[in-house]
Amino acid sequence: MIAVLDSTLREGEQTPGVFFDSHVKMAIAEKLDRLGVDIIEAGHPVVGEEIANGLRRIVSSSLQARIGAHSRSLKKDVDLALECGVGFLGIFYCVGDERLRDCSSTLNQAIDMISETISYARSRKSDLLIRYTPEDTVRSPMENVLSVSREAVRAGADIISIADTTGHLIPGSARTMSEWVRRLRASLDHAGLEARIAVHCHNDRGLALANALDGYQAGADIIDASVLGLGERAGITDLASLLAVLSQDFPVAHHWQLAELPGLYQLVSRYADVPIPVNHPICGRNAFTHCAGVHIQAALKNPIHYQSLAPEPFGLTSQIALDHMSGMAALQYSLEHIGAIDLDRELQESILAKVKDVGRHGRTVDVNELRWIVSYQKEKAINKETYVA
Ligand code: HCA
Ligand code: CU
């Protein structure tokens, strides 16, 4: 069964300008838990006291999800994370040649140091879920990654994560996540080692979701994501889009409460101070809104004509909206939809004029506003003499 790791509270908080207070982190973690993500990566505690406190607070609330911390390959990071009570620890260390050179280290020295940190963490907590990530995995020599991964598993790591730290991969090209997943799996199998494989995809080329799905199809067990795709630079895989595709398009057994997504997005958007793009899949204001006349006409008969994804699993419904482009046909369909029938032509024209006027100011008219416009224009028609223009 595919597992999802949400990193809104760790990677997401690395978005420039984003900081979540501990009580907000708590609220976000509760919503993520209700949604049903498997692991909540909730911070890197050595970064600061508030992060450690936020982590402790989330751990103490006994959520279903495993609560995890990020950690360098250093015992002091492991100690602080364990002191916060986490059940998951993500240890990262890059084994790219240039990084090793900059750290004045050889591959073997790095492998020894990483193995020692993992063994130490394992010895301190036997049921700790330990992930090792060779940071910038996909720009590192594959042989380095495969060697360090085998030793990390021997030392006690349960998960190896393939990190596309800079959003470098392109599905179907010479550098794909699927190739990395297959090669890592083959190398572990060949050595008789068992570990879950995770994929962590950055969105620098707008391909984070595509790469994550490419990894999933090649057999990855865990996918990292965040609300609104928040993270360093262009962020990582967007959680809502990921769950939408996995749940609606792949035969995955899941327990996700997808209707929690819109509320979760509003919460994170508000406290991250990052607006939800109107065209965000699933949670954007326009995601299930039909606007053009022919679309409204067809969609009101049967939404499937202009929807390949239904809004209902996400606790949403299809909407219609009118604007400066709307014509009489779209208006009449919309009026019928709200039960405003038998309006004379003159009244309909005045309603359409008002709708176009609102549209020219850069807004759409939804069904609620249409109801207000209808009653306003009706009243205006009745009391012509008391209104001006
Ligand atoms: C970072 C980089 C990281 C780590 C991922 C991981 C990446 O912020 O430290 O530890 O699994 O993209 O490589 O997010
Ligand atoms: Cu990252």
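Overview of values
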| read-out | value |
| --- | --- |
| If the convex hull is drawn through the Cα atoms of the stretch 289-388, its volume per residue in Å³ | 102 |
| Inter-centroid distance (Cα atoms) of the stretch 317-389 relative to the stretch 202-265, Å | 39 |
| Over 16 Å [Cα-Cα, the stretch 70-166], rounded percent | 49 |
| Antiparallel bridge percentage (DSSP; both residues within the chain; nearest 5) | 5 |
| Net charge of Cβ neighbours under 12 Å - reference residue 242; Lys, Arg +1; Asp, Glu -1 | -4 |
| Cα-based radius of gyration of the stretch 1-137 once divided by 2.2 N^0.38 Å, which approximates compact folds | 1.07 |
| Mean Cβ count within 10 Å, highest first, over the residues of peptides 116-124, 247-255 | 116-124, 247-255 |
| Residue order, fewest to most beta carbons within 10 Å, for 374, 367 | 367, 374 |
| Among 170-179, 87-96, 285-294, the order from most to least packed when residues are scored by Cβ within 10 Å on average | 87-96, 285-294, 170-179 |
| Zero-based 20 Å bins, Cα pair distances in the chain, whole percents | 26, 46, 20, 8, 0 |
| Folded to 0 to 90 degrees: helix 328-337 orientation relative to the chain principal axis, Cα | 80 |
| Estimated translational D of the stretch 109-165 in µm²/s (Stokes, Kirkwood radius over Cα pairs; 25 °C; 0.890 mPa s) | 216 |
| Given charges at beta-carbon only (K, R positive; D, E negative), |dipole| of the stretch 289-388 in Debye | 160 |
| Whole-number percent relative contact order across the stretch 236-389, with pairs defined as alpha carbons under 8 Å at least 6 apart | 18 |
| Most mobile of 357, 224, 136 in a GNM of the chain (Cα contacts under 10 Å) | 357 |
| Sorted peptide list for 183-192, 44-53, criterion being average Cβ within 10 angstrom, highest first | 44-53, 183-192 |
| Span from the the stretch 3-38 Cα centroid across to the the stretch 99-133 one, whole angstrom | 26 |
| Distance histogram for the stretch 16-72 (every C-alpha pair counted, 10 angstrom bins, percent rounded to whole numbers) | 25, 58, 17, 0 |
| Within the chain, helix-based [θ] at 222 nm, where runs of 4 or more DSSP H residues each add -39,500 (n - 2.57), nearest 500 | -13500 deg cm²/dmol |
| Cα-based convex hull, the stretch 131-228, per residue volume (Å³, whole number) | 86 |
| Degrees between helix 239-249 axis and first principal axis of the chain (Cα, 0 to 90, nearest 10) | 80 |
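Read-outs throughout are calculated quantities, based only on the coordinates presented, and are distinct from any laboratory measurement. Values in this document were obtained by computation on a predicted structure and should not be read as measured data. All Cβ positions, glycine included, derive from the backbone under ideal geometry; neighbour counts span all protein chains shown.
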